[in-house]
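Here's the structure, in structure tokens; my notes come after.
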Amino acid sequence: MPQMKVSSAAWIPVVALALIDNRGRILLQQRPAEKHHGGLWEFPGGKVDSGETPREALAREIAEELAIGVDPADCTALLLAEEAREGSPPVILMLYRATRWSGSPEGREGQHWGWFSRLEAEKLALAPMDRQFVERMSD
């Protein structure tokens, strides 16, 4: 029987993108119901894989989730949040900002998505760390 590999990571690096359109709106997506924080709205992104830089992971995740291209060089580090989880290493979420992309967003994982002003976003049911980000972002 194969042995299960247990992670010894002290923390889990996760990246997210505040993609801002020419009207100052933020692109947010709704998490699938079966996932952690299912049904809540969030900035798109995901885990950083071994060997990736955070910006490379961000470009990969955005392409996988929303079918749009983002140049890692166009992503600027913006905010940081941490979520402690019982029995697991904490998740460190790094939020980047970008205003340039190629393609049109589509929910490749069946998720809903939309463009929201900061005030509209504050009224959504947001995942906890994403709420911190929205509240800390300036217009």
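The values are calculated or read from the model by the stated rules, or taken from the named source; none is laboratory data. Given the structure is predicted, the values throughout are model-derived calculations rather than measurements. Virtual Cβ from ideal backbone geometry, glycine too; neighbours counted across all protein chains shown.
The figures follow:
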quantity: Some residue of the stretch 16-25 being small (Gly, Ala, Ser), assigned to a strand (DSSP E or B) and touching a residue at least 60 places away in the same chain (Cβ under 8 Å); calculated: yes
quantity: Failed item in (1) surrounded by fewer than 17 Cβ atoms within 10 Å (Cβ to Cβ); (2) within 15 Å of the chain's Cα centre (by Cα); (3) touching a residue at least 60 places away in the same chain (Cβ under 8 Å), with Gly46 passing the rest; calculated: (3)
quantity: Positions within the stretch 83-118 being more than 18 Å from Leu27 (Cβ to Cβ) and in contact (Cβ under 8 Å) with a residue 40 or more places away in the chain, in sequence order; calculated: Glu83, Ser88, Pro89, Pro90, Val91, Ile92
quantity: Qualifying positions in the stretch 123-138 - under 16 Å from Gln30 (Cα atoms) and under 16 Å from the mean Cα position of the chain (by Cα); calculated: Leu124, Ala125, Leu126, Ala127, Pro128, Met129, Asp130, Arg131, Phe133, Val134
quantity: Condition check for Arg131: closer than 22 Å to Trp11 by Cβ and of a type in the set (Lys, Arg); calculated: yes
quantity: Residues that are among the charged types (D, E, K, R) and either buried (at least 16 other Cβ atoms within 10 Å of the Cβ) or assigned to a strand (DSSP E or B) (or both), drawn from the stretch 97-107; calculated: Arg97
quantity: Residue within the stretch 79-89 that is in contact with a helix residue (DSSP H, G or I) (Cβ under 9 Å, 6 or more places away or on another chain), surrounded by 13 or more Cβ atoms within 10 Å (Cβ to Cβ) and among the aliphatic types (A, V, I, L, M) present; calculated: yes
quantity: Matching option when the condition is under 22 Å from Ala10 (Cβ atoms), over 14 Å from the mean Cα position of the chain (by Cα) and part of a loop (DSSP other than H, G, I, E, B), among Gly51, Gly39; calculated: Gly51
quantity: So Ala57, is it out of contact with any strand residue (DSSP E or B) (no Cβ under 6 Å at 6 or more places or on another chain), at pLDDT 95 or above and not acidic (Asp, Glu); calculated: no
quantity: Filter result for Glu65 (buried (at least 16 other Cβ atoms within 10 Å of the Cβ) and either free of Cβ contacts under 8 Å to residues at least 12 places away in the same chain or among the hydroxyl-bearing types (Ser, Thr, Tyr) (or both)); calculated: no
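Residues are listed down the side, and each one gets a yes or a no for (1) in a loop (DSSP other than H, G, I, E, B); (2) farther than 22 Å from Ala57 by Cα:
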| position | (1), (2) |
| --- | --- |
| Ala77 | no, no |
| Pro89 | no, no |
| Ile92 | no, no |
| Leu95 | no, no |
| Glu109 | yes, no |
| Leu119 | no, yes |
| Leu124 | yes, yes |
| Asp130 | no, no |
| Val134 | no, no |
